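Scroll down for the structure; my scribbles are underneath it.
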Amino acid sequence: MILALVALLAFPLRAAEPAALLFIGDSHSTQEFGRTLDADLRAQNGKVATFAVCAARPQSFISELEHGCGFMFKDFDGRAPGKWNRTRPGKITVDGKEREVTYVKTPKLAGLLADYRPQGVIVALGSNGLSAESVRETLALIHGAGAACFWIGPPRMRTVKESTLDGYYALLSAARVSPDASPLGDSCRLILDSRSLDYLVYPPQGGDGIHYASPELSPLGRRWGHDAAKAFGAALKSR
């Protein structure tokens, strides 16, 4: 399967049917990073389904949790798939002021795997916390569907302590998500530790402390997305 992915990504014009990829993520994936990675994957492969939900964590895609801070869903054709756009209006209070938001129900990973039948799944989750159980269940769902698993770790953020981020990565490693792990079996290939990108350092001022989407940080977010796409391609070629 991995060799088939390599061949289909490397020679898209010769492939009768491109390998299907599923990309799931959190708010970083709804913004510059995710939009860039999505575009690069489509340029390489042409058959990508992307589902990103702000505030999502692995449990969100397991239990269809609702979140109200934004989302980006794209079908193989690049359009929003109506089936999964399950939204409702709501209100939240920020700094004592009431604000209207749109809540979306996070698509269930099992349903996405059944609908899109991907050969590979790219997971970009971890910025909003992780649990060992939810990571293991995510891997089990992906491999149970016959797909290969690739993970992109969270970046540095001003509002997340370095020790907390270290803990997230240690949990991933304990759950068999690591750079030297196979994307098959019961493990997952960590294709990018986003902390390793020396340019992706959150400044002491500017932005919202979490996202690489403000005018001064969006170029970093796009560069991050490009590097994630390259890391995925490198992971395939190394098999």
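About its Cα centre, how strong a charge dipole does the chain have in debye, to the nearest 20, once Lys and Arg get +1 and Asp and Glu get -1 at the Cβ? Each step should come with its number before you reach the end.
Working: 28 positive and 24 negative charges, 85 e Å.
Here the size comes out at about 400 debye.
Of the options 174, 127, 110, report the single residue whose Cα projects farthest towards the positive end of the charge dipole of the chain (beta-carbon charges: Lys, Arg +1; Asp, Glu -1).
Toward the positive end, the furthest listed residue is 110.
Going toward the positive end of the dipole of the chain, with +1 on Lys and Arg Cβ and -1 on Asp and Glu Cβ, which of 24, 146, 238 do you reach last?
146
Between residue 101 and residue 161, what length comes free when the chain is fully extended (0.36 nm per residue of separation minus the Cα-Cα distance, one decimal in nm)?
18.8 nm
For region 168-226, rounded, prolate or oblate, judged on the Cα gyration tensor with a ≥ b ≥ c (square roots of eigenvalues), a/c < 1.5 rounded, else prolate if a/b > b/c?
Verdict is prolate for region 168-226.
Please identify, among 52, 148, 175, the residue showing maximal mean-square fluctuation in a Gaussian network model of the chain using a 10 angstrom Cα cutoff.
Largest GNM mean-square fluctuation: 175.
With charges only on Cβ, +1 for K and R and -1 for D and E, what is the dipole size of region 43-122 about its Cα centre, in debye, rounded to 20?
Computed about the Cα centre, the dipole is about 120 debye.
Which of rounded, prolate, oblate describes region 2-237, given a ≥ b ≥ c as roots of the alpha-carbon gyration tensor eigenvalues and a/c under 1.5 marking rounded, otherwise prolate only if a/b is larger than b/c?
Taking the square roots of the gyration eigenvalues as a ≥ b ≥ c, region 2-237 is rounded.
Please identify every one of the trypsin sites (Lys or Arg not before Pro) in region 11-108 that sits in a loop by DSSP and has no more than 14 other beta carbons within 10 Å of its own beta carbon.
Answer in residue order: 14, 79, 86.
Amide H of residue 126 versus every other amide H placed in the peptide plane: which residues, excluding those fewer than 5 positions away on the same chain, fall under 5 Å?
Long-range HN contacts for residue 126: none found.
For the chain, modelled as a Gaussian network with Cα springs under 10 Å, which listed residue fluctuates most, 56, 114, 170?
114
Could you list 195, 156, 189 so that the one with the fewest beta carbons within 10 Å of its beta carbon is first and the one with the most is last?
156, 195, 189
Output the 0 to 90 degree angle, nearest 10, between the alpha-carbon long axis of helix 162-174 and the longest principal axis computed from the alpha carbons of the chain.
Tilt relative to the chain: about 30 degrees.
Based on Cβ point charges of +1 for Lys and Arg and -1 for Asp and Glu, what charge dipole magnitude is obtained for region 74-203 about its Cα centre, in debye rounded to the nearest 20?
On the way: 18 positive and 14 negative charges, 105 e Å.
The calculated dipole for region 74-203 is roughly 500 debye.
Would you calculate a helix-derived [θ] at 222 nm for the chain, using -39,500 (n - 2.57) for each DSSP H run of n ≥ 4 and dividing by the full residue count, to the nearest 500?
The helix-only estimate for the chain comes to -11000 deg cm²/dmol at 222 nm.
Each residue of region 82-89 in turn: what ³J(HN,Hα) in whole Hz from Karplus with 6.51, -1.76, 1.60 and θ = phi - 60°, glycine and Pro shown as x?
For region 82-89, the Karplus-derived couplings read x, 4, 9, 7, 9, 10, 8, x Hz, x marking Gly and Pro.
How large is ³J(HN,Hα) for each residue in region 25-33, as worked out from phi by the Karplus curve 6.51 cos²θ - 1.76 cosθ + 1.60 (θ = phi - 60°), to whole Hz, x for Gly and Pro?
After applying 6.51 cos²θ - 1.76 cosθ + 1.60, I find x, 10, 5, 4, 7, 7, 10, 3, 4 Hz.
Which residues' amide hydrogens lie under 5 Å from the amide hydrogen of residue 178, considering only partners 5 or more residues apart or on another chain, with H built in the peptide plane?
188, 190
Against the longest alpha carbon principal axis of the chain, how many degrees, from 0 to 90 and to the nearest 10, is the axis of helix 218-237 turned?
20 degrees
With the cut-off at 24 Å, tell me which of the pairs 47/108; 47/237; 105/230; 83/230 have Cα atoms farther apart than that. Please report the intermediate quantities before stating the final value.
Numbers: 47/108 20 Å; 47/237 19 Å; 105/230 31 Å; 83/230 31 Å.
Over 24 Å apart, Cα to Cα: 105/230; 83/230.
Where a number appears in this text, it was derived from the coordinates with a stated rule and is not lab data. Everything numeric in this text was worked out from a predicted model, so none of it was measured. Here the Cβ is made from the backbone with ideal geometry for all residues, glycine too, and neighbour counts use every protein chain on show.
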